[in-house]
Ligand code: NI
């Protein structure tokens, strides 16, 4: 969709909110970038102020389960609990009922997809993995993001990692130089 002269990417940050999230929010505000956060419910319950700050800053917030299990390994009751408790925690913290979900590890199957769909949650994976979770340095994360970015890309990162927050300014600057704009996942997909 959209304007061919202005390629778009969605920066996504999983597993928080955590102890590096506030600094990331400052970086994103300074650079006037809107991103998408896939939140772990128990972390939202521990840091509702950070989830609220994300939503108030115009970032999209989605469901990333309550305790970050592989959802495909769970029975029906546990699976529903992981999803529902997280949406409830996000709604309690932000006032927003989430409409996006990313299964931990990207692990999904028809059962998981069905549980999400029943709840009006659009399943969102990614198409660029920066590899930030592999213990690499910030320069490597930035290089990976910049080399793989393309129009419409959904870029996977984690705001639980200090090196990731360190990498964001270079990613934003590098993509802006190439004409990219930064949108949330709903704005990218039109959902
Ligand atoms: Ni995760």
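Brief remarks on what is shown
- Residue ID - nearest to the ligand (Cβ to nearest atom), chosen from residues in region 155-171 that are touching a residue at least 60 places away in the same chain (Cβ under 8 Å) and out of contact with any strand residue (DSSP E or B) (no Cβ under 7 Å at 6 or more places or on another chain): 160
- Selected residue (criterion: surrounded by the most Cβ atoms within 10 Å (Cβ to Cβ)) from residues of region 87-126 that are over 18 Å from residue 60 (Cα atoms) and more than 16 Å from the ligand (Cβ to nearest atom): 115
- Among the residues of region 3-21, some residue qualifies, meaning at least one is out of contact with any strand residue (DSSP E or B) (no Cβ under 6 Å at 6 or more places or on another chain) and not in a loop (DSSP other than H, G, I, E, B).
Let's see how each residue does on (1) over 25 Å from residue 84 (Cα atoms); (2) in contact (Cβ under 8 Å) with a residue 40 or more places away in the chain; (3) within 17 Å of the chain's Cα centre (by Cα):
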residue: 119; (1), (2), (3): no, no, no
residue: 122; (1), (2), (3): no, yes, yes
residue: 127; (1), (2), (3): yes, no, yes
residue: 130; (1), (2), (3): yes, no, yes
residue: 135; (1), (2), (3): yes, no, no
residue: 138; (1), (2), (3): yes, no, no
residue: 143; (1), (2), (3): yes, no, no
residue: 150; (1), (2), (3): yes, yes, no
residue: 153; (1), (2), (3): yes, yes, yes
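- Considering residues of region 52-66 that are part of a loop (DSSP other than H, G, I, E, B) and away from the ligand (no atom under 11 Å from the Cβ) only, the residue surrounded by the most Cβ atoms within 10 Å (Cβ to Cβ): 66
- Looking only at residues of region 67-86 that are part of a loop (DSSP other than H, G, I, E, B) and more than 12 Å from the ligand (Cβ to nearest atom), we find that the one that is farthest from residue 103 (Cα to Cα) is 75.
- Filtered by the rule that a residue be within 13 Å of residue 185 (Cβ to Cβ) and within 13 Å of the ligand (Cβ to nearest atom), region 1-25 gives 12, 13, 14.
- Hey, residue 148 at pLDDT 95 or above and surrounded by fewer than 16 Cβ atoms within 10 Å (Cβ to Cβ) or not: yes
- Hits in region 34-51 (condition: crowded, with 24+ Cβ neighbours inside 10 Å and in contact with a strand residue (DSSP E or B) (Cβ under 7 Å, 6 or more places away or on another chain)): 35, 36, 37, 38, 39, 51
- Residue match in region 15-23 (condition: surrounded by 24 or more Cβ atoms within 10 Å (Cβ to Cβ) and within 11 Å of the chain's Cα centre (by Cα)): yes
- Residues located in region 26-51, provided they are part of a helix (DSSP H, G or I), more than 15 Å from the ligand (Cβ to nearest atom) and over 13 Å from the mean Cα position of the chain (by Cα): 26, 27, 28, 29, 30, 45, 46, 48, 49, 50
The values are calculated or read from the model by the stated rules, or taken from the named source; none is laboratory data. Computed from a predicted model, the values in this text were never measured in an experiment. Don't worry about glycine lacking a Cβ; one is built from the backbone with ideal geometry, like all the others, and counts go over all protein chains shown.
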